[in-house]
1. If you go through the range 16-35 one residue at a time, how many are touching a helix residue (DSSP H, G or I) at 6+ places or on another chain (Cβ under 8 Å) and modelled with pLDDT of 85 or more?
2. Taking the range 9-26 on its own, how many of its residues are closer than 19 Å to Lys65 by Cα and either of a type in the set (Asp, Glu) or without any contact (Cβ under 8 Å) to a residue 24 or more places away in the chain (or both)?
3. Given the structure, is Asn29 free of Cβ contacts under 8 Å to residues at least 40 places away in the same chain and touching an Asp or Glu at 6+ places or on another chain (Cβ under 9 Å)?
4. So which residues in the range 37-52 are farther than 12 Å from Lys18 by Cβ and assigned to a helix (DSSP H, G or I), if there are any at all?
Amino acid sequence: SDTGQKFSTYLNAFRMNKARELLTSQEYNNIYDVADMVGYGNNPRYFSQMFKRVTGFTPTEYIKKMRQ
């Protein structure tokens, strides 16, 4: 179906949603692993920048916030 958005926009939103899910679970503590799992394996710094742009938090801040 047509979502009315560019594929890259859809893909990035999908990746960030999955990253939030992984970072919220107790299983994944390594940001590099999560970056790799959602398709940013070769560029974890870019993953962190994108994550902060979308959520307002760095991945580390997000983990601390969600696991309180």
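1. Selection size over the range 16-35: 11.
2. Adding up the residues that qualify gives 5.
3. In short, no.
4. Pro44, Arg45, Tyr46, Ser48, Gln49, Met50, Lys52
Let's see how each residue does on (1) closer than 18 Å to Ser8 by Cα; (2) touching a Phe, Trp or Tyr at 6+ places or on another chain (Cβ under 9 Å); (3) aliphatic (A, V, I, L, M); (4) open to solvent by less than 40 Å² (accessible area, probe 1.4 Å):
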residue	(1), (2), (3), (4)
Ser25	no, no, no, yes
Ala35	yes, yes, yes, yes
Phe47	yes, yes, no, yes
Arg53	yes, no, no, no
Lys65	no, yes, no, no
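The values are calculated or read from the model by the stated rules, or taken from the named source; none is laboratory data. Just so you know, these numbers come straight off a predicted model, no measurement behind them. For neighbour counting, all protein chains shown are included, and Cβ atoms are generated from backbone atoms with ideal geometry for every residue, glycine included. Protein only, heavy atoms only, side chains kept; ligands, DNA and RNA dropped before computing areas. Shrake-Rupley method; radii C 1.70, N 1.55, O 1.52, S 1.80 Å.
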